[in-house]
Amino acid sequence: MGLKILFVAIWFLSTASCERQVLSYTTGDIKIKIETGEHWLHDFPLFLGLSKKNPPQFAVWLEDTSGNYLTTVFVTYKIATEGWILNKGNRRKEALPHWCHKRGVVYKDGLLLPTKENPLPDGITGATPKVDKEIQIRIKDFTEPVVIKAEFNHSTDFNDFFPENAAEGDDNYSGGKEGSGQPAVVYAATIYPNQQNTFLKLIGHSSVDGSDGIIYSDLEKLTTAKSIVKQVSVEIIE
């Protein structure tokens, strides 16, 4: 716990995103680039057989090498503000459970997702992009390795192993008709001060129903979820 407090106290983060503008990098900046995969856009059902192409919800954050959460770098607006349209009280706890449990903030209803009343600050939130995204950060006094993690999830991304009709209590229950279907996928990499670039690796999936923050390494039952992202790269600017 003391190590976690030390890291948080001495590392300052500044973030920026490029939706319409080109980011300007200087020496010491860290560029995180998320390249969209084949299934970045997903058909989300609306009504009368109509559907909408939706990008995923995701979060990017830092941990120390002991697994202690440090800070969130970026999280999509819907997750950060409970910004689901007509969510009818569905808080989507199965959306990004690894990030939620790592962050460890419990809200009034006992869940770990931000609420409309207590959203995350604008500085780390943004709309989910439909194209590749870059995130720019700077870590003050970057002298020790740090872990970057990213978690991605689609709503209603059902397959044969995670079907829409799975019953609550079943191992493959993911929130019902408007739940996740396939669980969120988690990518991670350790970066070092003297390193130029690396790639985050797919290390597993999150809890199917959002009940815990464990990473499960079995990926055999995932299909489209494994190609939401093409790759996530990290470059330290010299």
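The table below gives the values:
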item	result
Counted residues, region 116-150 - those being in contact (Cβ under 8 Å) with a residue 24 or more places away in the chain, acidic (Asp, Glu) and in contact with a Lys or Arg (Cβ under 9 Å, 6 or more places away or on another chain)	2
Of all residues making up region 209-233, the number that are in contact with a helix residue (DSSP H, G or I) (Cβ under 9 Å, 6 or more places away or on another chain) and either of a type outside the set (Asp, Glu) or crowded, with 16+ Cβ neighbours inside 10 Å (or both)	7
Residue list for region 66-121, restricted to those being assigned to a loop (DSSP other than H, G, I, E, B) and touching a Ser or Thr at 6+ places or on another chain (Cβ under 6 Å)	82, 94, 107, 119
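Yes/no per residue for (1) basic (Lys, Arg); (2) over 25 Å from residue 25 (Cβ atoms); (3) exposed (fewer than 13 other Cβ atoms within 10 Å of the Cβ):
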position	(1), (2), (3)
102	yes, yes, no
109	no, yes, yes
119	no, yes, no
125	no, no, no
136	no, no, no
139	no, no, no
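Any read-out appearing in this document is the output of simple, stated calculations on the displayed coordinates, not a laboratory observation. This is a predicted model, so every value here is computed, not measured. Cβ coordinates were reconstructed from backbone atoms using ideal geometry, including for glycine residues, and neighbour counts include every protein chain displayed.
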